[in-house]
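> This is the structure, below, for whatever I ask next.
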Amino acid sequence: METKDSLIHAVAASGTLMAVAASTRETLQEAERRHDTWPTAAAALGRTLTGAVLLSALLKSEGQRVMVQVSGDGPLGLVVAEATAAAAGVLVRGYVQNPRTDPPRVRRGKLDVAAAVGQGTLWVVKDLGLREPYRGSVPLVSGEIAEDLAYYLVRSEQTPSLVALGVLVEPDGSVSAAGGVMVQAFPGADDETLRRLEVRARSMPPISSQLEHGRGPEEILHGLVGDLSPQVLDSRPVSFQCRCSRERLAGALRSLGKEMLTELEQEDGQAEVVCRFCGEKYLFTREDLLGLIGEISGKPQ
Ligand code: ZN
């Protein structure tokens with residue numbers, strides 16, 4: 001079944017639980033195409049991107065953003081995903097430092113994301129349009145990313161949460177199914193309800209296989225909180241979209257300073273700047289570089 005990616009947002013159990021579910025296959029296919037990720041890197045980046053999409057459900061207004069950074073000492077290096085709440089839906093972008101990472105499989109051919117991530121820290125940065133972004137972090141407890149995000153939500157935001165992420169990657173690195181679900185308990189949530197929910201989450205079929213069998217985010221959400229009178233509040237489209245532009249990258253070049261720009265202009269005669277979030281290449285010719293140097297020189301000291 002061919003469906004567009006979406007994020008659905010619901011409340012359940014008389015408003016004491018928030019439940020969100022997302023399908024992200026097309027978004028991750030675009031990420032995989034842009035970054036040419038090998039299977040384990042595709043899974044790690046895909047889970048991180050999907051986690052950021054789920055966290056974006058907590059953003060209140062357009063223009064707000066949440067960034068998830070998985071910073072481990074494994075071969076992947078840094079994994080970064082950012083989701084922005086926009087009029088057009090949830091826009092996500094992200095990258096993995098070493099996209100050509102694919103350690104040996106563990107049992108039954110399962111990708112070993114934890115080994116590729118290693119030990120380290122999970123960062124969550126929320127830009128709510130205030131002067132300072134909010135930053136929180138926890139040590140990585142598993143490296144499989146879903147558990148790490150749940151641990152972050154409990155530890156750093158004091159919100160008991162269930163997070164499940166699924167990314168099914170084919171041997172050629174392409175993503176055939178992807179999505180996730182998150183349930184959060186608000187103060188006043190009943191302990192017995194939470195306990196039942198946890199049991200159900202443990203016995204639930206993996207998200208990736210549910211999506212593979214054609215179940216959409218709404219059905220996945222119902223599978224988890226269906227008997228707790230869920231009420232769907234909204235559904236937003238999700239897509240891979242970067243915020244980079246020629247102007248932004250010109251700004252990055254300008255910040256290198258006059259001396260370095262002059263060196264680039266004289267030695268290379270041009271500069272190619274690649275956006276690490278989306279892989280887009282921007283070429284700045286000698287004239288462009290001279291223009292930037294001129295702008296710097298023209299600035300009052
Ligand atoms: Zn970009």
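The values are calculated or read from the model by the stated rules, or taken from the named source; none is laboratory data. Being a predicted model, the structure only gives us computed values, none of them experimental. Glycine gets a Cβ as well: all are built from the backbone with ideal geometry, and neighbour counts include every protein chain shown. To get the accessible areas, we keep the full protein, side chains included, count just its heavy atoms, and leave off ligands, DNA and RNA. Shrake-Rupley method; radii C 1.70, N 1.55, O 1.52, S 1.80 Å.
> Across 20 Å bins from 0, what is the distribution of all Cα-Cα pair distances for the chain, in whole percents?
Here the calculated profile for the chain is 32, 52, 14, 1.
> Out of every Cα pair in region 179-280, what percent are spaced more than 16 Å from each other?
Taking all Cα-Cα pairs of region 179-280, the fraction more than 16 Å apart is 72 percent.
> Then there's this: Would you check the accessible area of Arg195, probe 1.4 Å, heavy atoms only, in square angstrom rounded to 10?
130
> Additional query: Using only protein heavy atoms and a 1.4 Å probe, report how much of Lys110 is accessible, in Å² to the nearest 10.
80
> Starting from the 7 Å offset along Cα-to-Cβ, what nm value, one decimal, do you get for the label separation of Thr262 and Glu198?
Result for the modelled spin labels: 6.5 nm.
> Any idea what % of Cα-Cα pairs in region 16-73 are farther than 19 Å?
Above the 19 Å cut-off, region 16-73 has 38 percent of its Cα pairs.
> Which residue, Met204, Met260, Met182, has the most motion in a Gaussian network model of the chain that connects Cα atoms within less than 10 Å?
It is Met260.
> Next question. Could you sort Glu157, Glu198 by their accessible area in this structure, using a 1.4 Å probe and putting the largest first?
Solvent-accessible surface, decreasing: Glu198, Glu157.
> Further, regarding this structure: Can you tell me which of Ala13, Ala115, Ala22 moves the most in a GNM of the chain? Springs connect C-alpha atoms under 10 Å apart.
Ala13
> Let me ask something else. Lysines near Lys60 by alpha-carbon distance under 25 Å, same-chain residues fewer than 8 away left out - which ones?
Once the sequence-local lysines are set aside, what remains near Lys60 is Lys4, Lys126.
> Now, a different point. Compute the convex hull volume of the Cα atoms of region 70-182, divide it by the residue count, and report the result per residue in Å³ as a whole number.
With only Cα atoms used, region 70-182 gives 131 Å³ per residue.
> How large is Rg over Rh for region 38-98, taking Rg from the Cα atoms and Rh as the Kirkwood inverse mean of 1/r across Cα pairs?
Reported Rg/Rh, Kirkwood definition of Rh: 1.03.
> Hey, another quick one. Once you have all Cα-Cα distances for region 226-301, histogram them in 10 Å bins from zero and send the whole-percent values.
Result, from short to long distances: 16, 37, 18, 9, 9, 7, 4 percent.
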